[in-house]
Amino acid sequence: MLVLTRRDVYELVPMRDAIDLVKQAFCDLSRGTARAPLRTPIEIPDAHGTTLFMPAYVPSLHSLGLKVVSVFPDNPARFSKPTIHAAVLTVSPETGEPSALLDGTYLTALRTGAASGAATDLLARPDARTLLVIGAGAQGPTQAWAVLCVRPIETIYVFDRNPQASQSFADRLRELVPDLQARVEVVNELDTVIPLADIICTATTARSPLFSDALLRPGVHINAIGAFTPEMQEIPPETVARAYVVVDSVPAALAEAGDLIKPLQAGIIREEHLRTELGEIVDGIKPARTSSEQITLFKSVGNAVQDLAVAAEAVRRALALGRGQQVSLL
């Protein structure tokens, strides 16, 4: 079995390639040719954590396997460890044998960024120049990296309740994008920068809206990737109600996305408002942005087809280049 580290995955699959892979995976998911059962979460109350088990099969990319990802918010304070840990196991679609084990922590950030990159490519205004990242943790830099791949961003505003995360954001982004040209500015107040943002990426575990809907500028595009349970919420219900909402998977969004479930339960929106999947836009079945003033919202709770699409490509390239370590389980 092949073992690939974070460094292996980073060097084998650049963000631009990951965006294309995720587009294909979402297209297959919307067509019904890919299979991704709703993930199974297991709560760990004593540690205030959640571990999620996420299988998927993407035939067009010859990819089958499982991701296990843990979100333990107390880790940084209690153990000086990251909030998110993950591993991806790929399985041969021909024989069912375990074929590779990959670091899933970086891969999760990569594929989540790639999903936002795909959505930004299809939904953001072509003249977008200003990006606001809310949540400067593990997901923040790859969100910015993905947006930089599809739009000529000149200024990146960064906000996080943890000052250390905000201050280290630029250095972590430059590790991913050594030739970074955009100006990175840490902000302490969201109200002053929300009206300046052409694109907003939210990557938090908030349980109430992060900003006021009234502050949004016309034509803004939002990638909301942080809130992944019915109890969590990053986006104001008023924004959800007036935006063109696109999701990664309708069944998953209706089961897990608090940003959408809470307005539904309050009667602010109806399910018909949430029927557009990103894969349908990739496939040309549903429209992308329809006007320069339209507010667009991509809500993602994450789907294992993203992980397995990127993982399969990393494994293919590693085998071709002789990268990684071979380990026998016998």
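A few remarks follow.
- Cross-link reach list, aspartates and glutamates versus LYS262, counting only Cα pairs under 13 Å and skipping chain neighbours closer than eight places: GLU231, GLU234, GLU238, GLU271
- Per residue, the chain reaches -10500 deg cm²/dmol at 222 nm when only DSSP H runs of four or more residues are counted, each adding -39500 (n - 2.57).
- If you plug the beta carbon distance of THR155 and GLU11 into 1/(1 + (r/R0)^6) with R0 = 41 Å, you get a FRET efficiency near 0.90.
- Net +/- balance of residues flanking CYS27 in space, Cβ distance below 12 Å, scoring K and R +1, D and E -1: -3
- Average Cα contact separation per residue, the chain, under 8 Å, 6 or more apart, as relative contact order %: 22 percent
- Qualifying lysines (Cα of each under 27 Å from Cα of LYS67; at least 8 residues distant if same chain): LYS23, LYS81, LYS299
- Taken one residue at a time, the phi angles of region 171-185 give Karplus couplings (6.51, -1.76, 1.60, θ = phi - 60°) of 5, 5, 5, 5, 5, 7, 10, x, 9, 3, 9, 5, 7, 10, 10 Hz. Gly and Pro are set to x.
- Here the contact order of region 125-301, divided by its residue count and restricted to Cα pairs under 8 Å and six or more residues apart, works out to 21 percent.
- Bridges between two residues of the chain, per DSSP, are antiparallel at a rate of about 50%.
- Residue-count net charge about CYS149 - beta-carbon cut-off 13 Å; Lys, Arg +1, Asp, Glu -1: -1
- Net charge contributed by nearby residues that have their C-beta within less than 12 Å of ILE84 (K/R +1, D/E -1): +1
- Here the chain is described by how far its Cα atoms reach on the three principal axes: 60, 43, 41 Å, from widest to narrowest.
- You can think of it this way: the chain between ALA320 and GLU175 has 49.6 nm of extra reach, that is 0.36 nm per residue less the Cα-Cα gap.
- Magnitude of the charge dipole for the chain, about its Cα centre and with charges confined to Cβ atoms of Lys, Arg (+1) and Asp, Glu (-1), is about 240 debye.
- The chain: angle of helix 15-31 to the longest principal axis, Cα-based, in degrees nearest 10: 90 degrees
- Once the Cα-Cα distance is subtracted from the 0.36 nm per residue extended length, the LYS81 to ILE285 segment shows a gain of 69.1 nm.
- Taking the C-alpha atoms only, the angle from helix 304-321 to the longest principal axis of the chain is near 50 degrees.
The numbers here are math on the coordinates, done by the rules we state, and not lab data. The model shown is predicted, which means the values in this text are computed figures rather than measured ones. Note: ideal-geometry Cβ built from the backbone for every residue, glycine included; neighbour counts use all protein chains shown.
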